[in-house]
Amino acid sequence: MPKNTSKLATYALNPIRSLGQYSLFTTSALFLIFQRKQLRSIAQHIYSIGVSSTIIITLVALFTGMVLGLQLYYTLIKFGAVGALGSAVSLTLIRELGPVLAAIMITARAGSAMSTEIGVQRITEQIDALTTMGINPVRYLVSPRLMAAVISFPILTTLFDLVGIMGAYLSSVLLLGLDKGTYFYRVQSSIVMEDIRGGLIILVAHW
């Protein structure tokens, strides 16, 4: 086989091989979640992933909503459509912006910490020690974190959406004088279950 052809085959097969390894790893981690003695570990990681990320999620959501409400107010008022600000803010946050920013914030804070922790355990041969003692490293290290993330991400995304909507309320209603009833009526009337479901799908895709 020519050298160039061999390199091309390697470049083509490497992504497929990596995808297969990732799929097997994820399937194994999901299956091992349902084994015994996982609840305490899952609860601990829910705290480290979810509860510990609440402050940064709240702050980012609040200022994102305030800026979004401010900019949309000055844009919509030019067209006499400032009453639609509640719809624009809520749909923007729930459909796309909330899931994307929440996933970035959680991954940046919790994901980097978990990666560093497991990397240190690999360097110091702690993972090899688990294997020697007959403990499955995937069940012990990966499955609880995966389940905790599955539980925490939708809750934190919902929190981001709610705080962002309230942030837009602060900037548009309290600071700029938009009618409170109009704002909340637009928020309530514009959101349907498909929007929330679509936002969660976006969250999974970015995760």
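Assorted remarks:
- Segment 1-135: relative contact order as a whole-number percent, Cα under 8 Å and 6+ apart: 21 percent
- Here the chain has 68 percent of its accessible surface on carbon and sulfur atoms, given a 1.4 Å probe and all protein chains in place.
- Among the DSSP helices (H) of the chain, those spanning at least 27 angstrom by Cα along their long axis with an average Kyte-Doolittle hydropathy of 1.6 or more are 54-76; this is a geometric and hydropathy rule only.
- Burial ranking of peptide ranges 175-188, 18-31 (average Cβ count within 10 Å, highest at the top): 175-188, 18-31
- Distance between modelled label sites at Gln38 and Met133, nm, 7 Å Cα→Cβ extension: 2.0 nm
- Leading residue at positive end of dipole, segment 116-192 (Cβ point charges), from Met133, Leu146, Met166: Met166
- Two-site label geometry, Gln121 and Ile155: point separation in nm, points 7 Å out along Cα→Cβ: 2.2 nm
The values are calculated or read from the model by the stated rules, or taken from the named source; none is laboratory data. Computed from a predicted model, the values in this text were never measured in an experiment. When we count neighbours, we look across all protein chains shown, and the Cβ atoms used for this are built from the backbone with ideal geometry, even at glycine. In case anyone asks, the SASA skips ligands and DNA or RNA and just uses the protein heavy atoms, side chains included. Shrake-Rupley method; radii C 1.70, N 1.55, O 1.52, S 1.80 Å.
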